[in-house]
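Have a look at the structure below, then the notes.
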Amino acid sequence: MKGVVGLSGRLAARWVLVLGVALFAVSGVLYTVAPDESPSVQVELTVDKEAKDGACDVRWTDPFTKKQHSGHYQCDAERDAVLKPHPGDDEYYPTGTDYGWAYALGEHKGGLIPADDPLEQGPLVRASDTLILLALPLMLGGLVWSAVLLARDGTVRLSRSALRRAHDLGEAAARLLGDHRRATAAVVTAWRPLHEERVRAVLARVPAKNLPHGEALEAAGLASADEVREAAAQSPGRLAGLGRDASADVLRAVAALTAGACDAALVRLDAEQPGAQEGALLAALEVLVGAGPRAAEATGRAAETAKLLAPEVLALAEGSDGAADRQARTAAIRNVRRTLAQAERGALAHTFAQTSVDLLRGADPDPEFLAAGADFATRPSAYYQALETATAPADRACAHRAIRVPADAAAGMEPVITS
């Protein structure tokens, strides 16, 4: 109901303003089409006698009949002395001069108009004056009314073009984030088998006899920590030949070893003789490296922009009155406008689009990975930096780290191992 009342108020203020503008326009039209006939005409007066207060006896020529007339008139007492009569003074004219107005219409045509008599305008001019007197208060009232409603609402509506630009910018940011995730996922997919191979190599170098209950493990045919881990994965909760408590002791030791192995296992890139896995990793990294260092910055800006222009934020900003909390809607509109202004200054829309194109180019179809290897040889540090950045989350979530041994395993809960 509040929204309907607010809408009616704004609509009424708008119509008041429109009515005022319409009356102003009609007034201008009437004044334009009014006949070009002035109700008065200026005449030159010959002053024969003049008092100090300006009361004078004058003569003038009727501009229409060319006849001479005489009469009383209120001259301008403040005019220059040269224009006043000076009878008997040889230095000045005996008569003075002044100017007045004579009727140009009606029964008094040609007669002097008294100084205190208002001039009568034509009907169209009078109508124009009346309309403009009505139009000005209406326009002023409509503007003030609209300003009051705007201040009371405490919000500014977003234009359709602003909303469209906000939607486009948010979609471009989300598209770039998706493209970057896919490029990063390709690196992680190629890196994971290599990393797992190195982790298992570290575990394979640890003899089973160095673990708790090592003799029992060797008796069960388990020669290394890697084999112990594989056996635990196949029969969760218990190792062959060991009880529950002994199995828990072994799993705790293996968990510590695998965590260290995950930290120690480093995947090194080989550009001279890359295998299929190493070549695939080089090719995936080539995409990130080729996008340049600005791709990371653009992706970070895209994440911020996608959050600021999320669909729910835009829905709140363009919602109707009463659809949501007014303060929240005002804040959303201001954030959207601020984000658009920053995006225009930084040309973010173009940056997002160009970075997406760079990430979508993909690796070169090179089965020998010669191009990627050659590029790696020219800037290995960039490849290792891209590898570290892309695989850091996956490294922290190394699958071998997932061995979890509950503290109360000896109390009857089975230890958990994820392979």
Confirm whether GLN354 is within 30 Å of LEU203 (Cβ to Cβ), within 34 Å of the chain's Cα centre (by Cα) and at pLDDT 85 or above.
no
If you go through the stretch 213-225, how many residues are part of a helix (DSSP H, G or I) and either open to solvent by 20 Å² or more (accessible area, probe 1.4 Å) or of a type in the set (Val, Ile, Thr) (or both)?
4
Checked the stretch 162-212 for anything buried (at least 17 other Cβ atoms within 10 Å of the Cβ) and not in a helix (DSSP H, G or I); matches are VAL206, LEU211
Inside the stretch 241-259, can you point out the residues that are among the small types (Gly, Ala, Ser) and open to solvent by 40 Å² or more (accessible area, probe 1.4 Å)?
GLY241, ALA256
Pick from the stretch 60-73, criterion in a strand (DSSP E or B) and farther than 16 Å from GLN42 by Cβ, ranking: least open to solvent (accessible area, probe 1.4 Å):
GLY71
Specify which of the listed residues (THR305, THR330, THR339) is at pLDDT 90 or above and of a type in the set (Ser, Thr, Tyr).
THR305
Residue satisfying all of: in the stretch 260-278; charged (D, E, K, R) and either more than 11 Å from HIS195 (Cα to Cα) or at pLDDT 80 or above (or both); least open to solvent (accessible area, probe 1.4 Å) among these:
GLU278
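Table: residues versus (1) within 21 Å of ILE132 (Cβ to Cβ); (2) open to solvent by 50 Å² or more (accessible area, probe 1.4 Å); (3) at pLDDT 80 or above; (4) not aromatic (Phe, Trp, Tyr).
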{"position": "ASP53", "(1), (2), (3), (4)": "no, yes, yes, yes"}
{"position": "GLY100", "(1), (2), (3), (4)": "no, no, yes, yes"}
{"position": "ALA115", "(1), (2), (3), (4)": "no, yes, no, yes"}
{"position": "PRO118", "(1), (2), (3), (4)": "yes, yes, no, yes"}
Take SER146 and tell me if it is within 34 Å of the chain's Cα centre (by Cα), more than 30 Å from TYR384 (Cα to Cα) and either open to solvent by less than 50 Å² (accessible area, probe 1.4 Å) or hydrophobic (A, V, I, L, M, F, W, C) (or both).
yes
Residues in the stretch 326-352 that are open to solvent by less than 90 Å² (accessible area, probe 1.4 Å) and out of contact with any Asp or Glu (no Cβ under 8 Å at 6 or more places or on another chain) total 18
Pairs where the first residue, in the stretch 162-175, is farther than 11 Å from THR305 by Cβ and modelled with pLDDT under 90 and the second is open to solvent by 20 Å² or more (accessible area, probe 1.4 Å) and of a type outside the set (A, V, I, L, M), C-beta under 8 Å, 6+ apart:
ALA162/ARG337; LEU163/GLU318
Index of the failed condition, PRO365 passing every other in (1) touching a Gly at 6+ places or on another chain (Cβ under 8 Å); (2) at pLDDT below 85; (3) not hydroxyl-bearing (Ser, Thr, Tyr)
(1)
Only residues that are in contact (Cβ under 8 Å) with a residue 60 or more places away in the chain, open to solvent by less than 30 Å² (accessible area, probe 1.4 Å) and assigned to a loop (DSSP other than H, G, I, E, B): list them for the stretch 226-240, please.
GLY237
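The values are calculated or read from the model by the stated rules, or taken from the named source; none is laboratory data. Only a predicted model underlies this, so the values are computations on that prediction, with no experimental measurement involved. Cβ coordinates were reconstructed from backbone atoms using ideal geometry, including for glycine residues, and neighbour counts include every protein chain displayed. The area values use the complete protein model at the heavy-atom level, side chains included, leaving out ligands, DNA and RNA. Shrake-Rupley method; radii C 1.70, N 1.55, O 1.52, S 1.80 Å.
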